[in-house]
Every structure is written in C-alpha cells, then in structure tokens.
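First up is the structure itself, then whatever we jot down about it.
The values are calculated or read from the model by the stated rules, or taken from the named source; none is laboratory data. These figures come from a predicted structure and were not determined experimentally. Backbone-built Cβ (ideal geometry, glycine too); neighbour counts: all protein chains shown. Heavy atoms of the whole protein, side chains included, go into the accessibility calculation; ligands, DNA and RNA do not. Shrake-Rupley method; radii C 1.70, N 1.55, O 1.52, S 1.80 Å.
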Amino acid sequence: MSVEPALQWPAEGNARVPYRVFSDPEIYHEELARIFLGPTWQFLTLAGELPTPGDYLTTFIGETPVIVTRGKDGAVHAMVNRCAHRGNLVCLKRRGHADNLTCVYHAWRYDLEGNLDSVAFRRGIAGKGGMPASFELKDHGLQKLAVDQFGDLVFGTLSPDAPPLGDYIGNQIGSRIHRVLHGKPKVLGTTSQILHNNWKLYFENVRDTYHATLLHSFFTTFRMSRLTSEGGVDIAEHGMHHASYTRNKIDRVGAAASDQLYAGIPSLRENFRLAEPGFLSMIEEFGDDTTTQILSLFPNFVLQQIQNSIALRLVLPKGPDKTELQWIYLGFEEDDPAMSALRLAQANLVGPAGYVSMEDGAVGNFSQRALPGADNQASVLEMGGFDHVSEENRTTEASIRGFWQAYRPLMGF
Amino acid sequence: MDIETVVQRLQLERLYADYAHCLDADQLEHWPDFFTEDCFYRVTSAENFEAGLPLGLIYATSRSMLKDRVSALREANIYEPQRYRHLVSSLRVVGEDPGGLDAEANVLVVRTMQDGEMTIFATGRYVDRVVPDGANWKFARKEVVLDSRQIDTLLAIPI
C-alpha cells in the first residue's frame, strides 16, 4: 500500500527524511490510522491514577478519544470514548468516578468495561417504538482496547497485531525504565504544552542525542551533560525505542579539553553563573552514576531522568502542524523531605518554563516554519553514519534514524 | 472603610500595578525586588492547585532563585522576542493578621510576538501573602494559578 500522493523515500534511507512528512495532511491522516491505531502500544496512564473501582479518566490514542477505567474486577480497562449508538462522547470530564458510563445524548449505559448494559426505552412505549427484537446489547459495546501494564505504566492498543507489551518494549529498554521507576510513583503535578509543529519534529528532538549540549546552555555551561561526558545510546531492535544516558562525573577528554572542544559554541556561556546553583547537584538514587537518561518508546512516549527530575511525557498529535506535549512530573512515595524538595527545585529544569527544555518547545516550531517550499527536499541525518544500533557515544543521530526505521514500514514508505 | 484601610488599599493597588509594569516594561532585573528574601513563588495550574499538588512550572523558594531565573532568561535561554501585557483586576484582601495580608487578584496576560501575533497567553489569579517592608509592601508568597493547564509553546517571562 502507498499513500496518495505517493512519497518516494530518498535512496539514502534513514539518513534522509523528506520534509513532506512533517506537513502533508494526507500523510498525517495515514499516520493516525497506521501508527496510532496500528500495531503499537500507547501510554494511557499510571496505574496509581485510578486507585478505586469506578475511577476513570479520558485521554487519546493519536486523536482518538479513549476512556480508561478501574473496573469492578480491579483491573484497568480502556475503550474508545464513542457511543456505539450515534458516536457521541460518552465521558465528558477529564477524570471522575462513576458506577457506569452513560452517554448524555440518549442515555445508553455501559459498564466500566465498556459492555452495553441498557438502552433507554429499548422496548418502546405501550408496544410502540423501541428497538427491534433482533437488537442484542452484547453486539453494541464500546470499542475495547487491549490493556497491559509495564510496572506502573499502563499501555493500550487497538490493534490485534501488536506483539505482547513486554516483547514490544524488550529487555534492554525495559531495564532502563525499571532503573528510573524504582519506587511507587507519586504525581507531583502535570502540565501540557501546545507546540506548533508536527509531532514527529518533537519526537526527533527527544531522540536527538547530538543537539542537547549544543542548544541547551544549562547542560553545557554547568557540565550537567556534554558530548565529552561518558555516555551513550541504547537502541532497541528495529530502531523502535531508545535510551540515551550520561554519566557526567566522567569527562572522557578532561575538563580543560572539553572546554576547548566547546569553545565558540554558543551553548557554553563561560561568564554565566547562578546565585543558587545548589539545586543542580544530584542525590544518588539509581546506584549507577547515570545523571541523565532520556528514554522514548515508539511512537510517542518519553521517560525522562535529568538528575533527580523524573517526568513522563506524552506526545499527542493534534493536526499536521500542532502537537500537545503532556507532562507528568513524578516523585516516589518513598521520597524523604530533602528528595521531595530537590525534585520540585529541579522541575525548574524541564517543562514549558524549563531552564533546559524551554528551547525544545520552540525549535520544532522553527523547523515547521521553514518547511514551506521544501516539499521536494529532505533533512540530513548522517551524524554517526547510516545505521541505528546502540553506541557508547552520543555524537550520533543513530536513534533518530531508528525512529524512521520503525516508522517507514508501518507507513509503507 | 476607615482611612487606614483606604490608604492600605491604595498601597496594595500600587504594588500590583508596579509589579505588572515591571514585567511588561521588560525591567526583569527589578522583578525580584518585589519579593522578600525568603519568598515563595510558583506558577501552576488550577488543576494542580486544587488537587494540592506541589509542582511549579517556575518554582522558587528564595529571592536569589528569582534572580537566577532572570539571569537565565537574559544570558542562557533561547526564545523569540515577545512582550506581555498584564491586566490585573479585582484585587481582594481575603485575610489580615498582624504579620501581613492574604490577597488575591485576577490576572490576564496577552502575549505579542515579534511579528505582531497576539495571544491570550494566560488567565488566572494571584494567591498572595503580602507583608510590610518599611513604607512599602512585598510578596512573601505569590502563587500564579492559571486557569488552563496548557501553555502555548513556552513560558519564558514570569507572570
């Protein structure tokens, strides 16, 4: 199958990305069907966000609205938020608690697992009207997602072709999720950012190990992370997922040589100092000296550890040139007061006002604004060569190439 | 209302007007001066605030941290030229004790980018603790509680 109008992927393969994939409405429409509703697992919620049977929240897979519930059986269930009758939203609130799910339009009522319980005036009135005798409740439930958990992370898929969640994530990336989420997650707060760019431009940014210390002054100036620091990138088979990591205590070339290598690069602000730099130092909690780890799961989930700042990010497509970036900042129930205070102070590093991540809200938009006139051109991803395998090095675009390696077969490109 | 209350009210009105002017006129270096040394400042959403969640998008537990925010905006962070226009209204004193006042006010911020694009960037309220400082008043605590959970693109200049 190919998308019309057909897209010819450049011969250089994953080292080139045709700019049209970031702006073409038809390609975007195909992505919603083939990727977000296709054989991928989408992050839905943290299990702890639905503590009690009857708790529910609403979210999206791609642009498709979804309800996630804690059922009376104690398990997490998910279904498309679209009444089986005439397609109305069933749940209107972002979160709530209910005994059942009742559509406001005609009061069709579903149980917490999405099975249709009752239809208002199903038998009509005084023998007139009502549903035909052939109408069966069991044939008209909400469309259900398969749901599975990886630790406290709940994922769902609408595709019967998705592999089991554990196989989808794999051991290499899975162990990097476990090392960060080592306690019982406690939500410190949430926010969301509206980005005026295609969702893939943000996801490329997340997987771009090359940019971080060139764009973000805080990383470079305060030696929180540099390309000269010990570190690397793990890339899952088929390129799907990635985890980049830094151990900033070890600079491979030494501090002076690192400064020389960064000389003239704008992100090194030699005269910039903070009055209170204390919040930049880390309390060791992971037992492996890793000071930053940015992890992504195809197609749109991010787990971030920057020092002691931990956050989940969900990248929701809202149109060819609009994306909602949702943030869930985490601590753990086990945190002592010093750790709790540090996580809140370090939250200054990330999010829409983040000292480090503020620029990431803008660069995707700078890329999007440069797209007009580029329909027959492609970006260049040759840093580190042409492949997409794990490396003990971050001066590479291997994990971005891995994203396209996973993307292209699903899209037929 | 006795004369002391009227005077106090006018002083508070001036505090909020000066605060908004400072941010809108790009006098960010003076912004920390509106706060006490050991102040608390955060920007959060009504959703977080009502759920009792402690996160701040901007989060400071001292005036020095506010100064760092300003120097980062001036020297380190990258964002497009933009200006704010604060409209602050409905100032209310909701509590009073010998140490100071609890005050709240509505705030609306229109953001104008360099190409002229204008957005209603933020609406919400200030939930503040105001304490006397000589003849003036300062914020010992300022929580900017935004009605929306969404931030358009990025939040650079404080609110």
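Can you tell me how many residues in segment B:57-73 are more than 7 Å from every other protein chain (Cβ to nearest Cβ) and in contact with a Ser or Thr (Cβ under 9 Å, 6 or more places away or on another chain)?
1
Here are the criteria: (1) surrounded by fewer than 16 Cβ atoms within 10 Å (Cβ to Cβ); (2) within 13 Å of another protein chain (Cβ to nearest Cβ). Tell me which single one B:Arg83 does not satisfy.
(2)
Kindly evaluate A:Leu330 against the criterion of being at pLDDT 95 or above and either crowded, with 19+ Cβ neighbours inside 10 Å or over 29 Å from A:Asn365 (Cα atoms) (or both).
So A:Leu330 fits the description; yes.
Of the conditions (1) exposed (fewer than 13 other Cβ atoms within 10 Å of the Cβ); (2) among the basic types (Lys, Arg); (3) out of contact with any strand residue (DSSP E or B) (no Cβ under 6 Å at 6 or more places or on another chain); (4) closer than 19 Å to B:Val145 by Cβ, B:Arg69 clears all except one; give me its number.
Evaluating B:Arg69 over (1) exposed (fewer than 13 other Cβ atoms within 10 Å of the Cβ); (2) among the basic types (Lys, Arg); (3) out of contact with any strand residue (DSSP E or B) (no Cβ under 6 Å at 6 or more places or on another chain); (4) closer than 19 Å to B:Val145 by Cβ leaves (1) as the failure.
For residues that are of a type in the set (Gly, Ala, Ser), closer than 16 Å to A:Ser244 by Cα and in contact (Cβ under 8 Å) with a residue 60 or more places away in the chain, tally how many sit in segment A:299-330.
Residues flagged as of a type in the set (Gly, Ala, Ser), closer than 16 Å to A:Ser244 by Cα and in contact (Cβ under 8 Å) with a residue 60 or more places away in the chain within segment A:299-330 amount to 0.
Can you tell me which of B:Ala51, B:Ala17 is surrounded by fewer than 18 Cβ atoms within 10 Å (Cβ to Cβ), of a type in the set (Gly, Ala, Ser), over 20 Å from B:Ala156 (Cβ atoms) and at the interface with chain A (Cβ under 10 Å from one of its Cβ atoms)?
Matching residue, one of B:Ala51, B:Ala17: B:Ala51.
For a quick check of your reading: which helices (runs of 4 or more DSSP H) sit entirely within segment A:208-264 and have at least 1 residues that are closer than 25 Å to B:Asp68 by Cα and more than 14 Å from every other protein chain (Cβ to nearest Cβ)?
Those helices (runs of 4 or more DSSP H) span A:255-262.
Specify the residue that is nearest to B:Val131 (Cα to Cα); the eligible residues are those in segment B:86-121 that are within 14 Å of chain A (Cβ to nearest Cβ) and part of a strand (DSSP E or B).
B:Val109
From (1) open to solvent by 40 Å² or more (accessible area, probe 1.4 Å); (2) small (Gly, Ala, Ser); (3) assigned to a loop (DSSP other than H, G, I, E, B), pick out the condition that doesn't hold for B:Gly56.
Unmet for B:Gly56, out of (1) open to solvent by 40 Å² or more (accessible area, probe 1.4 Å); (2) small (Gly, Ala, Ser); (3) assigned to a loop (DSSP other than H, G, I, E, B): (1).
Is it the case that B:Gln27 is more than 13 Å from the chain's Cα centre (by Cα), within 14 Å of chain A (Cβ to nearest Cβ) and more than 24 Å from B:Asp102 (Cα to Cα)?
Taking the combined requirement at face value, the residue does not satisfy it.
Taking the condition closer than 30 Å to A:Phe272 by Cα, within 9 Å of chain A (Cβ to nearest Cβ) and either within 18 Å of the chain's Cα centre (by Cα) or free of Cβ contacts under 8 Å to residues at least 60 places away in the same chain (or both), does B:Ala76 pass?
Yes.
Suppose we filter segment A:365-384 for residues that are part of a loop (DSSP other than H, G, I, E, B) and not small (Gly, Ala, Ser); how many remain?
Residues meeting the conditions: 8.
Spot the failing condition for A:Ala347; the list is (1) of a type outside the set (D, E, K, R); (2) in contact with a Ser or Thr (Cβ under 8 Å, 6 or more places away or on another chain); (3) outside any helix (DSSP H, G or I), and only one is missed.
If we test A:Ala347 against (1) of a type outside the set (D, E, K, R); (2) in contact with a Ser or Thr (Cβ under 8 Å, 6 or more places away or on another chain); (3) outside any helix (DSSP H, G or I), just (3) comes out false.
Checking A:Leu188 against (1) at pLDDT 90 or above; (2) crowded, with 24+ Cβ neighbours inside 10 Å; (3) within 14 Å of chain B (Cβ to nearest Cβ), only one condition comes out false. Which one?
(2)
Condition check: at negative phi and small (Gly, Ala, Ser). Does B:Gly95 satisfy that?
yes
One residue is enough: does segment A:250-268 have a residue meeting the conditions touching a residue at least 60 places away in the same chain (Cβ under 8 Å) and open to solvent by less than 40 Å² (accessible area, probe 1.4 Å)?
No: segment A:250-268 contains no residue that is touching a residue at least 60 places away in the same chain (Cβ under 8 Å) and open to solvent by less than 40 Å² (accessible area, probe 1.4 Å).
Note down all Cβ pairs under 6 Å where the first residue falls in segment A:270-289 and is within 14 Å of chain B (Cβ to nearest Cβ), the second is open to solvent by 50 Å² or more (accessible area, probe 1.4 Å) and not aromatic (Phe, Trp, Tyr), and they're at least six residues apart or on different chains.
The qualifying pairs are A:Phe272/B:Glu75; A:Ala275/B:Lys67.
What's the number of the condition B:Cys39 fails, among (1) away from every other protein chain (no Cβ under 14 Å); (2) not in a helix (DSSP H, G or I)?
Result: B:Cys39 fails condition (1) only.
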